[in-house]
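Peer 1: Dumping the structure here so I can ask a few things about it.
The values are calculated or read from the model by the stated rules, or taken from the named source; none is laboratory data. Quick caveat: nothing in here was measured; it's all calculated off a predicted structure. Cβ atoms come from the backbone with ideal geometry, glycine included; neighbour counts cover every protein chain shown.
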Amino acid sequence: MHGNCNRELANYDGLQLVRIPPGAELLENKKNRRKKSSDKPSDMYSDQTPSTETKKLENQERIQDKAKQKRVKPELNLVPPTAGEFPPNFIERFAMMQVIDQIIDVALEGKSTFAPIPSDAAWEDAWTTDMREAGERILGYICALPKDVEKKYFNKKIAVVDIETTDYMPKAKEGFINILGIAVLDLREIARGDASLLVYQTFNMTRKKPLVPGLFHLGWKHVMNADILIVFNKNFDIEIIKKVFSDFNLPYTIPQNIVDLQLYFNSLEALEMQLQKSQGFRRTLSQKGKYSDYYALFKGKASDGSDKRIEPIGAYNTMDLLSPLYFYLLTF
């Protein structure tokens, strides 16, 4: 026999038998016990306090569980709003400017179902200075026109529309509208000195497309029956609005007489540079070219969209309404 097999031959009166040498059985039993014990997980710490590493893993798991709970967003009602309904998580605000005893009065109103921004916080005075100055210039210009001067927009209702969408253009063109801004200068059947200017905005704070109809149910009545509709870049604003009307079968129409000021300037920034050059007028609270920065603040922080802000994107939108209106009045 060869190898270390713990066996030997024994000669018993000419009969050869295989036997285990003395002491080898004990050695083999020890080896087998070691082998069996190595096949089982050790229980030596089972009755002791968990190790530091185990505690770290458990703490890490608890932290991850809490993080998952925080990331769970509350469910939103994504059923399209109906006419006459003020949707949840919406903000609506008005600024009515009119001349009273040769002084331009500004009345601000707001309504909100978005809890972090209550109705009385829909406007912040610090963010209205550009709008107030533009309104004063517009109404001041109309009131100061000599009586013998005729303009094609006299006795007309003028509306301006501007929408703010996601800054991701493919989604924007699908109809993801977050803000509907409207300005109205109604010069029908009134004396020039009695002119008033409405600035209207409504915000879809969820940024969800199924709720976009709520913007138009609330605000489009101010555009209806306008004799003149002013926009900048009809191929963007008007085409997206048409898509929303079609996608949701909304019963609204768009005024036929559209004046697209992009026919005269390749950008709204260029139009405003012309206003600054000719009238010394410019926006101060927002800046063209920084929309993505303002949109990021509007979206809010992290995945839960906390700390949403409607400024400066709201002030940005008001000037996208009033700069084109002011230029139109001066030019046409």
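Peer 1: Restricting to the range 95-125, name every residue that is within 29 Å of Tyr141 (Cα to Cα), surrounded by fewer than 19 Cβ atoms within 10 Å (Cβ to Cβ) and at pLDDT 95 or above.
Peer 2: Within the range 95-125, Met96, Val106, Ala107, Leu108, Glu109, Gly110, Glu124, Asp125 meet the criteria.
Peer 1: Same structure, new question: Select from the range 272-296 the residues that are under 27 Å from the mean Cα position of the chain (by Cα) and in a helix (DSSP H, G or I) and list them in ascending order.
Peer 2: Passing the criteria: Glu272, Tyr291, Ser292, Asp293, Tyr294, Tyr295, Ala296.
Peer 1: Let me ask you something else. Contact list please: Cβ distance under 7 Å, first residue in the range 271-285 and at pLDDT 95 or above, second residue part of a helix (DSSP H, G or I) and small (Gly, Ala, Ser), pairs at least six apart or on different chains.
Peer 2: That search, which allows pairs on different chains as well, returns Leu271/Ser323; Glu272/Ser323; Leu275/Ser323; Leu285/Ala315.
Peer 1: Among the listed residues Asn317, Asn266, Asn233, Asn257, identify the single one that is of a type in the set (S, T, N, Q) and on the phi > 0 side of the Ramachandran plot.
Peer 2: Going through Asn317, Asn266, Asn233, Asn257 in turn, the sole match is Asn233.
Peer 1: Another question, then. For the range 104-133: of the residues being of a type in the set (Ser, Thr, Tyr) and not in a loop (DSSP other than H, G, I, E, B), which is nearest to Leu325 (Cα to Cα)?
Peer 2: Thr129
Peer 1: Being closer than 24 Å to Thr113 by Cα and either modelled with pLDDT of 95 or more or not β-branched (Val, Ile, Thr) (or both) is true for just one of Gly193, Gly175. Which residue is that?
Peer 2: Step by step, each of Gly193, Gly175 is checked, and only Gly175 is closer than 24 Å to Thr113 by Cα and either modelled with pLDDT of 95 or more or not β-branched (Val, Ile, Thr) (or both).
Peer 1: Can you name the residue in the range 134-156 that is of a type in the set (Val, Ile, Thr) and in contact with a strand residue (DSSP E or B) (Cβ under 8 Å, 6 or more places away or on another chain) and is also farthest from Phe281 (Cα to Cα) among such residues?
Peer 2: It comes out as Ile142.
Peer 1: Testing Ala226 on (1) surrounded by fewer than 22 Cβ atoms within 10 Å (Cβ to Cβ); (2) at pLDDT 95 or above, one condition comes back false. Which one is that?
Peer 2: (1)
Peer 1: Applying the selection to the range 216-248, what residues are within 21 Å of Ala83 (Cβ to Cβ), in contact (Cβ under 8 Å) with a residue 60 or more places away in the chain, within 21 Å of the chain's Cα centre (by Cα) and part of a helix (DSSP H, G or I)?
Peer 2: Within the range 216-248, His217, Leu218, Gly219, Ile240, Ile241, Lys243, Val244, Asp247 meet the criteria.
Peer 1: Does the range 76-101 hold any residues that are farther than 26 Å from Gly305 by Cβ, part of a loop (DSSP other than H, G, I, E, B) and in contact (Cβ under 8 Å) with a residue 60 or more places away in the chain, and which are they?
Peer 2: Ala83, Gly84
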